[in-house]
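The values are calculated or read from the model by the stated rules, or taken from the named source; none is laboratory data. Because the structure is predicted, anything quoted here is derived from the model rather than measured. Cβ atoms come from the backbone with ideal geometry, glycine included; neighbour counts cover every protein chain shown.
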Amino acid sequence: MPQAQSGDPGGDRASVESRHARNDRALTSSAQVFWILLASFLFATMSALIKVAAADFSIPEIVLFRTLPGALVLLAYARVRRLTILPQNWRLHAIRSAVGVGSMGLSFYAIARLPLATAATLDYTSPIFMVLYIVVATRHRLRPAELGALFGGFAGVLLLLRPALQGDQTMPFIAGLASGALGAAAYWQIGRLGRAGEPEWRIVLLYSMATTTIAALVIPLSPPSTPTLRGGLALLGVGACGLVAQLAMTRAFSRGSPTLVSSLQYSGVAFAAFYGFAFWGDRLSVLGLLGLALIVLSGIIAASTTSAFRMHPARPEESR
């Protein structure tokens, strides 16, 4: 396990926070179910609002409004509680922020241009990519269940890809798939940060600050937006839903069973499918539905078979 570094002025306070975080009891099963279902519902709601906002605003602007509220609220929280925002391990936070920014931008692009259920499903390919990551990082030999998850998951991707190709949605589809790949790396880092003693609020705060800064720098390079009241309200909703969902997801992944949490997060596909059907009339073909089902099933299998690695990322090759 990576050791926390304490060469900063807030090292003593950070050490106390670390001990408190490690002494916190693990979440009960019912608490895990609550937090991950809440996160999945709010992320699906946020996706629907992103689709609305994308008609009037650029992707960097949406990313900015997604992360700015979290950064401001959590900065105020830290100030009131007299907590240090300096991390114990800059490297882990930097990696988490880098992969998170990339995953978020690609995901928002896919959400804006694909049926909501398709975009959500591609976003949830992360556990499947986690299997590939483990094979490369640890030279782990694949077991039959893991092979089945890989082949089933990518067979589902191909089935979903067919209607995307017919509808001239190839680039958004690729973006959504890439978002899932980067999401796997982000979830891995969240788990490592939690086990290193970092509290949930600081993980989310530093990620929000990094993403907000990058988005603000990219906005001048983006196409001009056409603000409307509808789009503005959607942006506010994106920020509110995103903040609460991020905190709930971070709590579930850093303190709960990764197998249970990773399996239940697929409820977000159902929530997204409902929003897509109710508000945009999205309908998947039989092959598309089969692909969605294959990806969800393969993701659940992949999550259950990779849980041991995510709970104990202590190998040297994983800590470099």
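A few remarks follow.
- Between A55, A98, the distinction of being at pLDDT below 95, of a type in the set (A, V, I, L, M, F, W, C) and closer than 21 Å to E198 by Cβ belongs to A98 only.
- Filter result for V261 (in a helix (DSSP H, G or I) and within 26 Å of I295 (Cα to Cα)): yes
- The listed residue being β-branched (V, I, T), closer than 21 Å to Y133 by Cβ and under 23 Å from the mean Cα position of the chain (by Cα), out of V157, V218, V204: V157
- The helices (runs of 4 or more DSSP H) falling completely within region 110-170 include none with 3 or more residues that are at positive phi.
- Complete set of residues in region 157-216 that are under 16 Å from T125 (Cβ atoms) and not hydrophobic (A, V, I, L, M, F, W, C): P172, G176, S179, G180, G183, Y187
- Lone unmet requirement of (1) assigned to a helix (DSSP H, G or I); (2) surrounded by fewer than 20 Cβ atoms within 10 Å (Cβ to Cβ); (3) at pLDDT below 90; (4) of a type in the set (G, A, S) for G70: (2)
- Each residue in region 174-221 was checked for being over 26 Å from L75 (Cα atoms) and at pLDDT below 90, and 1 pass.
- Subset of region 103-150 [basic (K, R) and either under 30 Å from S58 (Cβ atoms) or touching a residue at least 60 places away in the same chain (Cβ under 8 Å) (or both)]: R113, R143
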